Every structure is written in structure tokens, then in C-alpha cells.
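For reference, the structure is listed below as C-alpha cells.
The values are calculated or read from the model by the stated rules, or taken from the named source; none is laboratory data. Small disclaimer: the values here were computed from a predicted structure and weren't measured. Note: ideal-geometry Cβ built from the backbone for every residue, glycine included; neighbour counts use all protein chains shown. These area figures cover heavy atoms from the full protein model, side chains too; ligands, DNA and RNA do not enter into them. Shrake-Rupley method; radii C 1.70, N 1.55, O 1.52, S 1.80 Å.
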Amino acid sequence: MNPVVCAATVDIFLSGISSGEDMLVICNVTAVTMDDRRRIIGDAGIAIDGQKIAAVDSAENIRKRYPDADLLDGAGMIAIPGLIDTHAHADQSLLRGLGDNMHWMPFLDDVVEPYLAKRDPADGVLANALSIMEMIHSGTTCFVSPNVDPRDDYASLTNVIGDLGIRAVLGRFTMPDAGPDSEGVARDTVAAAASVMHRWHATQQGLVSMWFGLMVPRRPGDTDHPAFYRAVANEAREMGVGIVYHFCSEIEDSTYIEDTYGVRPAEWSRDNHALGPNVLLINGCWVTPLEIQILAESGTHLAHSPVANMKMATGILPVPDVLAAGVNVSLGTDGALNNNSYDMFGEMKAACLLQNATKRSASALTAQTALEMATIRGARSIGREDELGSIAVGKLADIVLVDMRRPGTYPVHDVVSNLVFATSGSNVHTVFVAGKKILEAGRILGMNETEVLDKAAESALRTRRMLGLSKPGAGPGH
Ligand SMILES: [Zn+2]
């Protein structure tokens, strides 16, 4: 969809909420709304009443409408919806730089699995804190962490999420227990996972959502319990939560499914009740046209991670083809191990470059589509399009102010082009989540960032020793 650039006074969407003491007005800002009409409003005003957006209009009209509201001058800023990272292993930041130049199997076997098996749960929480700080600094207001380890300290983890004020979808890693594929084993396994999910779902003022982080077979030795997948689907439906898992990522795991089950991965997922509107698949680099059709028909969503896919030579999701078939595709960074960043601005740019290069077309994936994938399509991927993903009346006020008055982002002929092709996370100035300011002038509020960085440096040496890795390029104090 092409953006509609509006004269500021043309469209007035007022909710009827009168001004009050809690009202905040962001004025003199350029609003890239990503609303149904993709309006871009110059010299806009955005009224925030508590947690929600009350009005979006010209700054002049908004100031008249809410004369007693607190004012935030957004001159020189672009207001965008908070970015939604739908594939972010938030517990991997302490490993940044330790997974380079690796194929996925040694990557999992030599780095990820030993780390998860040996790490102190406190380091898992610290890693999340560091990742979330990076996300907030770069305009991400919501993330999906797909494989949250069952051994993690969920109380401390959710406290960090609440203290920092970001939204998180935690996919609690769930795999079949050892033993026969029986209804009993499936019931017990899923009940154990569900009890943890019930405990933490919708905590921290609703910032935390708990999903199933499903384990599906990818290689020889992986378990395979049809009764378990059926039980997960039923429980997810009952709880009203989603399911997230890595899918058809590598050529090896797609051929493994074909060789073992005689079907393609999407057929296997369909046959095992693991597709649908509440399911978010990660990667899908090797999907065939038949599988794209299956995903479209089932309403399943895909999270695309172009930087990690390129870095690890995973494969290339044909995004324009998948979108054209009607599959919703969102964006994700993957994480510090294989990106090595949580900056969604870099992800948007990479998404365009990858498709343009492989399709040999300079318009294969436009900046507008990339921005949609990072915002409104991200909200759709997590089933919250009615609440998140655009700056529109009635939605939660997850809003990012991007400072364009920098040499690298001036002039602004085309605001969406600048956002996708010229901006980086370092341009992010202010971040709101549910109307609460969590980043101001590039500083996270209510958090001693230096302390977290110092602890991360302390953990770095410990982590390398634990994994038996040396890193001659380590920085001072590491
Ligand atoms: Zn992943």
C-alpha cells in the first residue's frame, strides 16, 4: 500500500475524550501513522490519554482541543509506531560475536546448547536486560523471544521486562517428554508448560504474554509426538495464546522432514495441528509454492530475519511471492548471536536489499512494505493488530520519536525512504509504551544502564571460559 501524505487539517479523528490532567500532546511532529490509509501527517499532534491514543490531527487542532494537556515538542522528529521484533532471542546478547562463521548445527551444538545447559539463570536475566536496553534504544517496543528456556528464572525475567517497560511475547520452549507417544505423556507435558504460562501470562501490567515455543523435529534424534502437538494446539486455543517455532529454515531441516515423513514441512505442520492464525513461524527460507499456499490458507504468519539468514547462509525467503499469496510476513532480528544486533532499522533496510538483489529488481521490496513488516504486520503476527502497530485513535500509545536532524538523515525528501534506508537505531530519541515514556533524549528511564554494561563485561569472560572459547579480539575489561 502506498502512503497517503495528508494536509494536516484534512483528517480529524477525535475520540471524544475530553482533555484532562493525564493528557499528553506530542506536537509539531511528522506522524508516519501506518494507519489504514497509511497517512503521513506533517506538523501533526498526537494526543495520548493514559495508555491510549486519543487523537491524531494537526498540531494546531490538537492544541485547541486539549489546551490543558502537557506538551512535548516534537519539532524535527518523526513519530512512528513502536517497532515489533517478531524473532528476537533476547537471552543471547552475552554471546554477541561468539557465533560468527558457523553453520547452524555447530552453532547450536557448540555454542547455544552448551551455554543454555551451563549458564547461571542470573546471566539469562542479565542477557535479557542488555538485549531489551538495545531494543528500546533502537525503537523496538515489543519483541517475541521464541525459545525461552524452561530453566530460566521467570520471576526475575518478567520483572526486568516490567521495569524496563517493553512488551514481550515469551515463547516458553516446550518439547515432548521422553517416552511413548501417548495421550498421557502429551497431557502431562503440556500441563506442566501451561502451569508456568498461566503464572506469568499478562503480568507486569499486561506487558508480558506467554506463548508456546514449540519444538518440532529438525534433524535426526529429535523427538516426534503427534499426541503432544495436538495437545499444544488445544491448550493454546483454550488459553487464547499463540505458538511460535522455527520452520523450514535450513535446507537440511526441510529435507529431513521430507525424508523422514514423506511430506514437506508445511504439510507436516498442517498434519500436526501446528498451523493457524495464532501460529508464528520463523524463517521458512525453503518454502515451496505449495507450502506458501498452505500457509496462506491456514492464516499462519511468518517472521523474516534477513540479516541472520544472510549471515548464516540459511536461505532466502521469497518475501514478495509470500506476501502476494496472502501470507502475513513480519520482521525479526533473530539476535546477538547471528545478527549481531537487535536494531530493527537495520533489519528493514536489509529486507529490501536482499529481495532487490535476488529478484534483480530495485523495487522488489519497497521501503513502505518493509516499514509495514516492522509495524502493523508485526502486530498482526502476534494477534494484536487491533491494539498495536499503528498510530491511530484507540490503539495503545506505543510511539517512537526518531530524530531526523542529523547529517545522515537530512534532508527529508521522502520520510519513509529515510526511515528505512538512512536511519539507524541511534536516531531514536524518545520511546513510549502504553503512554509511558521509557526512553527520553536517548536515555532509558529508571534504569542504571552503566551497571548493566559493567555486569555484562564481567559475565563475558566467565561465559567464554564456560564454553571453552578464547577470543583474542575481546575488548578492554573483557
Ligand atoms: Zn531463532
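Identify, by number, the condition in (1) assigned to a strand (DSSP E or B); (2) in contact (Cβ under 8 Å) with a residue 60 or more places away in the chain; (3) farther than 27 Å from LEU280 by Cα that VAL431 doesn't meet.
Unmet condition: (3).
Could you tell me which residue of region 305-319 is farthest from the ligand (Cβ to nearest atom), considering only residues that are touching a helix residue (DSSP H, G or I) at 6+ places or on another chain (Cβ under 6 Å) and not in a loop (DSSP other than H, G, I, E, B)?
Checking each candidate, the answer is VAL319.
Is it the case, given these coordinates, that LEU331 is within 16 Å of the ligand (Cβ to nearest atom) and either buried (at least 24 other Cβ atoms within 10 Å of the Cβ) or touching a residue at least 60 places away in the same chain (Cβ under 8 Å) (or both)?
Judged against the criteria, LEU331 is a match.
Considering region 168-198 alone, what residues qualify as being part of a strand (DSSP E or B) and either of a type in the set (Phe, Trp, Tyr) or out of contact with any helix residue (DSSP H, G or I) (no Cβ under 8 Å at 6 or more places or on another chain) (or both)?
Matches in region 168-198: VAL169, GLY171, PHE173.
With respect to LEU290, determine if the residue is under 16 Å from ALA370 (Cβ atoms), in a helix (DSSP H, G or I) and either more than 16 Å from the ligand (Cβ to nearest atom) or open to solvent by less than 10 Å² (accessible area, probe 1.4 Å) (or both).
No: the conditions fail for LEU290.
Within region 405-421, does at least one residue satisfy the condition of being open to solvent by less than 80 Å² (accessible area, probe 1.4 Å), small (Gly, Ala, Ser) and over 28 Å from TYR115 (Cα atoms)?
So far as region 405-421 goes, yes, one or more of its residues are open to solvent by less than 80 Å² (accessible area, probe 1.4 Å), small (Gly, Ala, Ser) and over 28 Å from TYR115 (Cα atoms).
Using beta carbons and a limit of 9 Å, which pairs, at least six apart or on different chains, have the first residue in region 232-249 and away from the ligand (no atom under 16 Å from the Cβ) and the second one part of a helix (DSSP H, G or I) and open to solvent by 30 Å² or more (accessible area, probe 1.4 Å)?
GLU235/ALA191; MET239/HIS198; VAL241/GLU235
Does any residue in region 278-293 that is within 16 Å of PRO306 (Cβ to Cβ) come within less than 7 Å, Cβ to Cβ, of a residue that is open to solvent by 40 Å² or more (accessible area, probe 1.4 Å) six or more places away or on a different chain, and which pairs are these?
CYS285/ILE316; TRP286/ILE251
Quick one: which of GLU113, GLU60 is within 16 Å of the ligand (Cβ to nearest atom), open to solvent by 10 Å² or more (accessible area, probe 1.4 Å) and either closer than 28 Å to LEU170 by Cβ or not assigned by TED's automatic domain parsing to the domain that holds HIS304 (or both)?
The match here is GLU113.
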